[in-house]
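Written below as structure tokens is the structure these notes are about.
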Ligand SMILES: NC(=O)C1=CN([C@@H]2O[C@H](COP(=O)(O)OP(=O)(O)OC[C@H]3O[C@@H](n4cnc5c(N)ncnc54)[C@H](O)[C@@H]3O)[C@@H](O)[C@H]2O)C=CC1
Ligand SMILES: C[N+](C)(C)CCCC(=O)O
């Protein structure tokens, strides 16, 4: 892949099975894959049908037999090697991610760092997976074994294509599972690179496979009788469908869904950090982040000062060619999504919100970028809790500012949502900080920062934002099952 905006095309097959890139056995419908920065077509993606999905699952099943018999330390060594290769090829992978997703190269490099750190972390845990030994009367005893599930399916979204593939395959492989991964059809490219890296690192051929396609391909995966688990990142409506399909096969699911998270700024906060935190909470990856703190509640005493500073910094964000070193905001994923975000802003205005900055389309001077999907990051003032822009996930660079007066009031308003993915608080008062996050009904809470992703910390939602956890030790629970073995050391005392 070339490394200049507007010059790349993708020729190689994008499915991966049995340790090689392959064309799907029954590739039907072709989907255009776009370069968001220019609007050019990068490639035509053949969507995999039932036969290809079955071949990928069978390939994973064969590899599972070998991988699941290896010790944790043996798996650890292979995964560490994969992490090392990713680190070595960081810039190349980040470039691929930027070309396909539209996010700035600066951010894509951070995503790739989080990705190799994830594999490194789970490599470390692989060697320490263990059960318990429990003593019973008369010298009898029991023990537990933590065993893999089998073939796990990962279905990814388009906002963090490589990172999502690592967040799912890291814990899955560490526990001894195999995986079939389906990226979003908008961002099919980098997951195949991950598959090649796993093979180079020494996983058995077929351990990590990639099938490409959209909803139909995803459905074949979810219904496949040999699939043991589904881990999904994406929207709430699709999450509901995944759960329904999984229910039919009694398959466990992990759901990482959307959010409309609150970020609460108290008047005693360090203003500089709070402003930086609000920008981090809203404008990474053009605002296309599930855990974004898009409802920014600001204590009325500092509303004007805070808002002025946020607007000033937002207007300074450099938009444009995502492969340029100083760009901090690239292009949104595609034209329909850009239109959808624009629609939310129009509706916000109609409902009485005030656009304090941005929200309009951005047309870069560079002629090759003129068909890209750019907009200026937007800050909305005069917002009310019942406006659509405050209730619905926009998934674009749109921050809503909402004043509040008391702690009790803000906690109640922060929790008045169907979502519960994340939340944040900025204050210098440590008791207040812990009290408020304890009251937030959200799975991932930040104090005096926002949207950082240490892989050591579990990540996942409450309420409609899903369940199950990625990252941290917690994810092991969701990619393994516990076997109990009861051992009799005496004679059988029969009832009969
Ligand atoms: N929680 C998160 O990180 C994300 C949330 N979203 C939210 O979802 C909205 C739409 O984005 P999409 O990518 O269209 O999300 P989506 O939920 O439609 O798609 C996510 C993944 O699920 C697959 N999929 C779609 N329908 C399926 C089905 N019936 N069975 C199996 N797999 C299926 C897609 O091909 C893709 O790989 C965004 O605007 C945003 O609100 C999107 C991306 C990430
Ligand atoms: C990396 N981070 C925390 C900014 C976002 C990760 C969650 C997502 O997939 O949207």
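Read-outs: derived from the displayed coordinates by stated rules, not from any lab. Remember, predicted model here, so these are calculated numbers, not experimental data. So basically every Cβ, Gly included, is an ideal-geometry build from the backbone, and we count neighbours across all protein chains shown.
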How many nm separate the modelled label positions at residue 26 and residue 205, each set 7 Å beyond the Cα in the direction of the Cβ? 2.4 nm
Could you list 133, 337 so that the one with the fewest beta carbons within 10 Å of its beta carbon is first and the one with the most is last? 133, 337
Fewest Cβ neighbours within 10 Å first, please rank 109, 21 accordingly. 21, 109
With a ≥ b ≥ c taken as the square roots of the eigenvalues of the C-alpha gyration tensor of the stretch 375-418, please select rounded if a/c is under 1.5 and otherwise prolate if a/b is larger than b/c or oblate if it is not? prolate
State the extension gain, in nm to one decimal, for the chain segment bounded by residue 482 and residue 434, taking 0.36 nm per residue of separation less the distance between their alpha-carbons. 13.9 nm
Taking a ≥ b ≥ c as the square roots of the eigenvalues of the Cα gyration tensor, with a/c under 1.5 meaning rounded and otherwise prolate when a/b exceeds b/c and oblate if not, the chain is oblate
Specify the angular offset, from 0 to 90 degrees and rounded to the nearest 10, of the alpha carbon long axis of helix 72-88 from the longest principal axis of the alpha carbons in the chain. 30 degrees
Expressed in angstrom and rounded, the centroid-to-centroid distance over alpha carbons for the stretch 467-496 and the stretch 66-116 is 32 Å
If you count the DSSP beta bridges with both ends in the chain, what percent of them are antiparallel, to the nearest 5? 45 percent
Length gained, residue 235-residue 346, 0.36 nm per residue minus C-alpha separation, equals 37.7 nm
Working from the alpha-carbon coordinates of the stretch 89-210, get Rg over Rh, Rh being the Kirkwood radius. 1.13
May I ask you to compute the full-extension gain from residue 92 to residue 315, defined as 0.36 nm times their residue separation minus their alpha-carbon distance, rounded to one decimal in nm? 77.2 nm
At a threshold of 8 angstrom on Cα-Cα distance, excluding pairs fewer than six apart, so keeping six or more, what relative contact order does the chain reach in percent? 19 percent
How far, in degrees from 0 to 90, does helix 105-126 lean away from the longest principal axis of the Cα atoms of the chain, to the nearest 10? 30 degrees
Acute angle (nearest 10 degrees) that the helix 430-439 long axis makes with the longest principal axis of the chain, alpha-carbon atoms: 70 degrees
Which of 263, 194 comes first, and how do the rest follow, when ranked by fewest Cβ neighbours within 10 Å? 194, 263
